[in-house]
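S.K.: Below is a structure I'd like to ask you about.
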Amino acid sequence: MREYLLTLCITAAVTYLLTGPVRKFAIVAGAMPEIRARDVHREPTPRLGGIAMFFGLCAGLLAADHLTNLNEVFTKSNEPRALLSGAALIWLIGVLDDKFEIDALIKLGGQMIAAGVMVMQGLTILWLPIPGVGNVALTPWQGTLLTVALVVITINAVNFVDGLDGLASGMVCIAAAAFFLYAYRIWYSYGIEAAAPATLFSAILMGMCLGFLPHNMHPARIFMGDSGSMLIGLVLAAGAISITGQVDPDALALFTGSEKAAVHQTVPVYIPLLLPLTIIAVPAADLVLAIVRRTWRGQSPFAADRGHLHHRLLEIGHSHSRAVLIMYFWSALIAFGALAYSVNSASMWIVLGVVFLSAIGLVLLLLPRFTPRAPRWAEHFVPPRYRRRRAAAEAVATCPPAAPVEDESRTPVSAGVNGASAVGARSRLLDGRNAGTSR
């Protein structure tokens, strides 16, 4: 566990330290597209945050290769090299898209090629544990098609949910944390070495997201772009494929009594084709709803719009930060609920706990304009929007009347790039109302 935590910290530190220079590079390179109708932010924000995340991935793999116990993952398996190859390819495609806006079909083809590269190097599904049936072997073609499908679904699910500051990176971090606990339990408790690569991938993925989140929380100073969203989606899919297709339920049968019992015990994670949906159910549901919605309207499934779940939360009155926290809550509930069910599927307390927390989530959805207030003794430890307004009201009542505002045409106002240096007058930028934002 200490070596996994060390790898996580190194990945997070490298990602965090490189994000600042990458942000400056993105501004100089002009990777700041104009505000589109579906965007929520009001100022041009640099992309290419995936560059820092990719180098964090490389640093994590390099550090793990030099650790005593984790080095066995590289000597006994080719999966880390397969992951690095596929990640490098999908990262290059994402960087080109962040800069030049390449076609959606080209990106889809690149995702399939990246998945094929990983399959060629051994990161593929060899068999499927089917509940009630047991272990079902797959032909090479079946394993390849299923692997490519899982990679493409997971990448696009993460990419679709990347619409609010800190949303995609936080949700993937929550999913990676739950997946890490599950994979570590199989590797450490059952002594199954085939689960070690998936455990390592999850730890590195958490480090990538945690290192990038401080720069991406609202108001975001940099976006990860497609270079980051497709990258973390691929890493999450690689861990899911590794533990689904490489860990043999026959080994778990030694601890559970039979192969069918082993498959039934791990059913929340081993249901075929639903693995990424179980881990990231919220973005996957958003992906399915987006495809149905656009197809029903006669549009292309790849046509962007403002109908995603996070857009709907903003429209019903939730603030930006509260909408992100609600999405975090549902992601954690589903991911850790599946984890708890895999540990003890016969416990009624787990089901009751999930139902109770789901009710809390529904109440939060129905109270979009409710703002919690911290007690007076804790006001110094919370953001100003959670403090009581009495002091602010008294200050407004005692202050002198404001001076008349000068004509804006005489005083040019410069617009910053979310904390960066000014890039020109605000009048040159698209107004949020003209861009079709809801705020």
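S.K.: Of all residues being outside any helix (DSSP H, G or I) and in contact with a Gly (Cβ under 7 Å, 6 or more places away or on another chain) in region 208-219, which is modelled with the lowest pLDDT? Just the residue, please.
M.R.: Selected residue: HIS218.
S.K.: Would you check which residues across region 59-114 are within 28 Å of ILE192 (Cβ to Cβ) and among the polar types (S, T, N, Q) and list them? Walk me through how you get there before you give the answer.
M.R.: Quick first cut of region 59-114, residues within 28 Å of ILE192 (Cβ to Cβ) only: 59-87, 114.
Scanning region 59-114 gives THR68, ASN69, ASN71, THR75, SER77, ASN78, SER85.
S.K.: Another question about this same structure. Is there a residue in region 182-205 that is within 24 Å of VAL95 (Cβ to Cβ), open to solvent by less than 10 Å² (accessible area, probe 1.4 Å) and of a type outside the set (Val, Ile, Thr)?
M.R.: yes
S.K.: I've got another one for you. Which of the residues belonging to region 158-207 are in a loop (DSSP other than H, G, I, E, B) and within 12 Å of the chain's Cα centre (by Cα)? Break it down stepwise before answering.
M.R.: Within region 158-207, the first condition is being in a loop (DSSP other than H, G, I, E, B), and the residues that meet it are 162-166, 190-192.
Within region 158-207, ASP162, GLY163, LEU164, ASP165, GLY166 meet the criteria.
S.K.: Given the residues ILE93, ILE125, which is the only one that is closer than 28 Å to ASP286 by Cα, part of a helix (DSSP H, G or I) and either open to solvent by 60 Å² or more (accessible area, probe 1.4 Å) or not basic (Lys, Arg) (or both)?
M.R.: ILE93
S.K.: Given the conditions (1) under 24 Å from the mean Cα position of the chain (by Cα); (2) of a type in the set (A, V, I, L, M, F, W, C); (3) surrounded by 16 or more Cβ atoms within 10 Å (Cβ to Cβ), report the number of the one that LEU138 does not fulfil.
M.R.: It is condition (1) that LEU138 fails.
S.K.: Out of the residues in region 52-69 that are within 14 Å of ILE232 (Cα to Cα) and open to solvent by 10 Å² or more (accessible area, probe 1.4 Å), which is nearest to the chain's Cα centre (by Cα)?
M.R.: So, considering only residues that are within 14 Å of ILE232 (Cα to Cα) and open to solvent by 10 Å² or more (accessible area, probe 1.4 Å), the one nearest to the chain's Cα centre (by Cα) is PHE54.
S.K.: Right, here's the next one. Answer with yes or no whether GLU72 is open to solvent by 20 Å² or more (accessible area, probe 1.4 Å), in a helix (DSSP H, G or I), farther than 26 Å from THR154 by Cα and not hydrophobic (A, V, I, L, M, F, W, C). Quick ask: steps written out before the conclusion?
M.R.: Details: open to solvent by 20 Å² or more (accessible area, probe 1.4 Å): yes; in a helix (DSSP H, G or I): yes; farther than 26 Å from THR154 by Cα: yes; not hydrophobic (A, V, I, L, M, F, W, C): yes.
The answer is yes for GLU72.
The values are calculated or read from the model by the stated rules, or taken from the named source; none is laboratory data. Model, not experiment: these values are computed from the prediction. So basically every Cβ, Gly included, is an ideal-geometry build from the backbone, and we count neighbours across all protein chains shown. Accessible surface is based on the protein model in full, side chains and every heavy atom, while ligands, DNA and RNA are left aside. Shrake-Rupley method; radii C 1.70, N 1.55, O 1.52, S 1.80 Å.
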